[in-house]
Amino acid sequence: MRRSIQIITSVTLIAVLTGAAASAADKRATSAPPGTKARYAMDVGTMTGMAGMGGGMGGAMSMMFGGGNREMRELRLRIGSTAPAPASPSADHFFLPAAKLGKSVPLLIPEKQPVGDAPADFQRPKGRLILFWGCGAKAQKGQPVIIDFAKVAAGQMPPGLFSTNVPVDRGPNAANSRTYAEWPNKKSSKPPASGSSMLGAHRIASNYAPEIAFSLNQDYMAGLTGKSTSVNGATILSWNSVPSATGYHAWAMGAKMEGGEEPRDFVWWSSSMSKEFGGGLWDWLPPATVQRLITQKVVMPPTQTSCAIPQEVKTYAPDFMMGNLYAYGPEANFSFPPKPVSAPASWTPDWTARVRYRSFTSWMIGGQMGGMGAAMGEQEAPEKKKCKPSLMGAVLGKGC
């Protein structure tokens, strides 16, 4: 199990390393009218599959291998103010009981982190990253694009790989606020309980910004259930329709195991019909941006509930593949005073608040992941003439 987690961690680090190029390309912050004293942002999410793993080891294994559909809540809160922080800064978000977060949660000013420092145990991936994109049984012309990690380490990122087509817009942050605070934090980080609700009144009180108050009539989005089947070598992803979804984006990471060694080739596939990886696609996207990306065939429309991963992807990653799916949701905006229908150029609210929604799931696909029982049976079958490494073997710590 430890080895499987190491592989998943490596895949995630690769995604972060390469996706950082796209994120760095467009760090535009949410704009607010000049003179606005405070901005607030809530990111409300629903997580299922591996993203919503819970219930101990049994629950985690069930989620990993396609069993169960436990939902977890995801909530991120951020406040940015133009006022300097007082000697003892404090900020709290107050909820109704249905939120199951107690009376309130504290927003804390984060500690400054060293810029550019990697984790102490970080190991830069070795080998290659092989990129595919687009829904279809066969890969489009010009694929794959192959990235040598040795060249990336030397600063040789392939030109034109990432674009600024998908803006990274995370709202208030430490860079664009004189005083900035967030939740979860080191003092309070327990996520909302299953069955909780965000409906109703919300109030944010601090000693460095005006009091913020608004009421939500949109709750957490419904959970996603991702499935995969193999048809003539291609992997067909399918999922349930989420009522409030504005669009979908899928991506998968895979690897080919080399005996008992760590994988040297990683594969990254995106459902976008053009070379769009990471960046804002991993964030909470506003409906207007999603609609534009649907027109450009970067994001799938809300009526679509399936997408084929080209068979060439499985050829490069026959042993390990992890699927990920985002359902982008609605957005609610508030301000005080409320924005007039025809707001003059001089209109300046005391504060603005933005609430975005999404649903996210991830699960093991391809290889021998038809179900935990099937994979276990494969692992315990009579000895074969040739040994072919499998993901279950990695999970159990057994190699050839």
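All of the numbers you see were taken from the coordinates with simple rules; none came from a lab. Source: prediction; values computed, not measured. Here the Cβ positions follow ideal geometry from the backbone for every residue, glycine too, while neighbour counts run over all protein chains shown.
Observations, loosely collected:
- Summing Cβ point charges (Lys, Arg +1; Asp, Glu -1) relative to the Cα centre of the stretch 233-333 gives a dipole of roughly 380 debye.
- For residue 350, the residues whose modelled amide H falls within less than 5 Å of its own, excluding neighbours fewer than 5 places apart on the same chain, are 336.
- Amide H contacts under 5 Å for residue 127, placed H, 5+ residues apart: 149, 150
- Modelled this way, with points 7 Å down the Cα-to-C-beta line, the labels at residue 347 and residue 332 are 2.0 nm from one another.
- Across the stretch 221-234, coupling constants 3J(HN,Hα) worked out from phi with the 6.51/-1.76/1.60 Karplus curve, θ = phi - 60°, read 6, 5, x, 9, 10, x, 9, 9, 9, 9, 10, 6, x, 7 Hz, and Gly and Pro carry x.
- Rg ratio for the stretch 265-363: its Cα radius of gyration over 2.2 N^0.38 Å, N being its residue count, equals 1.48.
- Whole-Hz ³J(HN,Hα) from phi, Karplus 6.51 cos²θ - 1.76 cosθ + 1.60, for the stretch 170-184, glycine and proline x: 9, x, x, 8, 5, 7, 10, 10, 6, 10, 9, 9, 8, 9, x
- Long-range amide H partners of residue 221 with built H, under 5 Å: 46, 358
- Proportion of all alpha-carbon pairs of the stretch 284-336 beyond 15 Å (%): 62
- Across the stretch 35-42, rounded Karplus estimates of 3J(HN,Hα) from the backbone phi angles (6.51 cos²θ - 1.76 cosθ + 1.60, θ = phi - 60°) give x, 5, 7, 8, 10, 10, 9, 10 Hz, Gly and Pro being marked x.
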